[in-house]
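Reviewing the structure listed below.
The values are calculated or read from the model by the stated rules, or taken from the named source; none is laboratory data. All values reported here derive from a predicted model rather than from experimental measurement. When we count neighbours, we look across all protein chains shown, and the Cβ atoms used for this are built from the backbone with ideal geometry, even at glycine. Accessible surface is based on the protein model in full, side chains and every heavy atom, while ligands, DNA and RNA are left aside. Shrake-Rupley method; radii C 1.70, N 1.55, O 1.52, S 1.80 Å.
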Amino acid sequence: MELDNWSRGLALAVLLGTAAAAPASHAQEAQPALGAPFDGWELTVSPYTYHFSREEHTSVFLAGLERQYASNWLWGGALFSNSFGQPSGTVYFGYQWDKLFGVEPLYFKLVGGIMYGYVDEYEDKVPLNHNGFSPIILPGLGWRLTPKDALQVIVLGGNGFMFSYNRRF
């Protein structure tokens with residue numbers, strides 16, 4: 001799935017607009033605090049990844065689902081098109097630190113797991129890849145806009161940053 005710059009910008013604008021409108025649409029509902037313990041599911045959508053290298057990359061689009069517990073432990077999975085247009089997926093587990101540095105909406109997330117998808121001529125693009133399978137460790141920094149909506153940046157090793165919108169339900 002390849003998106004041109006206009007399509008990526010439109011997708012990002014829609015996601016940010018949805019996130020910005022969320023507080024107004026839920027204003028009458030009783031909302032927990034931004035950093036309150038959460039036990040439920042979170043949907044992740046990433047329409048854009050920034051790559052450090054000038055190597056030819058295709059657009060990366062990710063959709064994932066994560067199970068979060070009030071203890072801040074989590075597990076999840078995602079399907080995505082990798083930087084070279086190959087269908088890929090990952091499963092992981094991790095932990096989330098809320099109220100980072102005492103700032104209520106700021107959180108840090110660290111996950112580890114296994115990824116599949118870098119195959120054939122792209123096997124050497126990720127470390128420890130064996131037949132398309134490779135381990136992952138991904139740190140992320142997020143900002144909770146509302147108790148249900150967040151924006152997140154995930155560090156992809158030395159390769160780039162993935163930007164996402166996350167929605168709890």
I'd like to know if region 80-97 contains one or more residues that are among the small types (Gly, Ala, Ser), assigned to a strand (DSSP E or B) and in contact (Cβ under 8 Å) with a residue 60 or more places away in the chain. yes
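If I filter region 19-45 down to residues being open to solvent by 70 Å² or more (accessible area, probe 1.4 Å) and under 14 Å from residue 151 (Cα atoms), which single residue comes out as modelled with the highest pLDDT? Outline the logic, then answer.
Going residue by residue through region 19-45, those that are open to solvent by 70 Å² or more (accessible area, probe 1.4 Å) are 20, 24-25, 27-32, 37, 39, 41, 43.
Still in the list and also under 14 Å from residue 151 (Cα atoms): 20, 43.
Details: 20: 48, 43: 98.
That would be 43.
Starting from residues that are of a type outside the set (Gly, Ala, Ser) and modelled with pLDDT under 95, keep the ones in region 75-85 and report whichever is least open to solvent (accessible area, probe 1.4 Å).
So, considering only residues that are of a type outside the set (Gly, Ala, Ser) and modelled with pLDDT under 95, the one least open to solvent (accessible area, probe 1.4 Å) is 82.
Hey, could you check region 126-142 for residues that are of a type outside the set (Gly, Ala, Ser) and crowded, with 17+ Cβ neighbours inside 10 Å and say which is farthest from residue 50 (Cα to Cα)?
129
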Breaking point among (1) open to solvent by less than 80 Å² (accessible area, probe 1.4 Å); (2) in a helix (DSSP H, G or I); (3) modelled with pLDDT of 95 or more, for residue 101: (1)
In region 152-162, how many are buried (at least 17 other Cβ atoms within 10 Å of the Cβ) and closer than 25 Å to residue 69 by Cβ? 3
Please go through region 46-74 and give me each residue that is in contact with a helix residue (DSSP H, G or I) (Cβ under 7 Å, 6 or more places away or on another chain) and open to solvent by 70 Å² or more (accessible area, probe 1.4 Å), ordered by number. 48
